[in-house]
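The values are calculated or read from the model by the stated rules, or taken from the named source; none is laboratory data. The model shown is predicted, which means the values in this text are computed figures rather than measured ones. Counting neighbours? That spans all protein chains shown, and the Cβs are built from the backbone with ideal geometry, glycine included.
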Amino acid sequence: MTRSGRRGSTRRTDEEAERVCARCGRRMPAGAPADARWCSAACRRLKLQEVDHRLEADMRERLGALSAGATLCPSEIARRVGGDDWRPLMEPARQAARRLVAAGVAEIAQRGSVVDPSTARGPIRVRPVR
Ligand SMILES: [Zn+2]
């Protein structure tokens, strides 16, 4: 396993754990082999790059530093990691957010309510699991 960053303090039970793609963090498709790591040919081709690990580590750090009730936008992390060339990192930042949900570290919300990371469309906010 190549999960980056330190282990979160919030450990999930096996029952809560859900099999998700190691890149995009979306639920694995029904019928995927038990040992499959990637949900699609695209995710298998890209795997996890150095920048993906940096996005995830930075998001984890920022989530830990948020004041109570605060949330962050994936674009903030894309900007922090990518600088002027942050736009190509928007989807990778959203993928990092989904991986942190799968790790039990974060929640993804829209209009203040937790949403399903696999199906949420449009702007999202990320907040720590408390
Ligand atoms: Zn995937």
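When the residues of region 109-129 are filtered to those that are of a type in the set (A, V, I, L, M) and not in a loop (DSSP other than H, G, I, E, B), the one that is surrounded by the most Cβ atoms within 10 Å (Cβ to Cβ) is Val126. Within region 80-108, take every residue that is crowded, with 22+ Cβ neighbours inside 10 Å and away from the ligand (no atom under 16 Å from the Cβ) and give me the one that is farthest from the chain's Cα centre (by Cα). Step by step, filter region 80-108, then rank; the result is Leu89. Of note, Glu18 satisfies the criterion of being farther than 18 Å from Met90 by Cα and either away from the ligand (no atom under 12 Å from the Cβ) or at pLDDT below 95 (or both). Here is the figure for region 36-79: residues that are acidic (Asp, Glu) and within 15 Å of the ligand (Cβ to nearest atom) total 2. Against the numbered list (1) under 21 Å from Arg125 (Cα atoms); (2) modelled with pLDDT of 95 or more, Gly8 comes up short only at (2). Within region 95-117, can you find the residues that are touching a helix residue (DSSP H, G or I) at 6+ places or on another chain (Cβ under 9 Å) and polar (S, T, N, Q)? Of everything in region 95-117, just one residue is touching a helix residue (DSSP H, G or I) at 6+ places or on another chain (Cβ under 9 Å) and polar (S, T, N, Q), namely Gln95. Look at region 30-50: where a residue is in contact (Cβ under 8 Å) with a residue 24 or more places away in the chain and a partner is assigned to a loop (DSSP other than H, G, I, E, B) and among the hydroxyl-bearing types (Ser, Thr, Tyr), sitting 6+ places away or on another chain with Cβ atoms under 8 Å, you get Leu48/Thr2; Leu48/Ser4.
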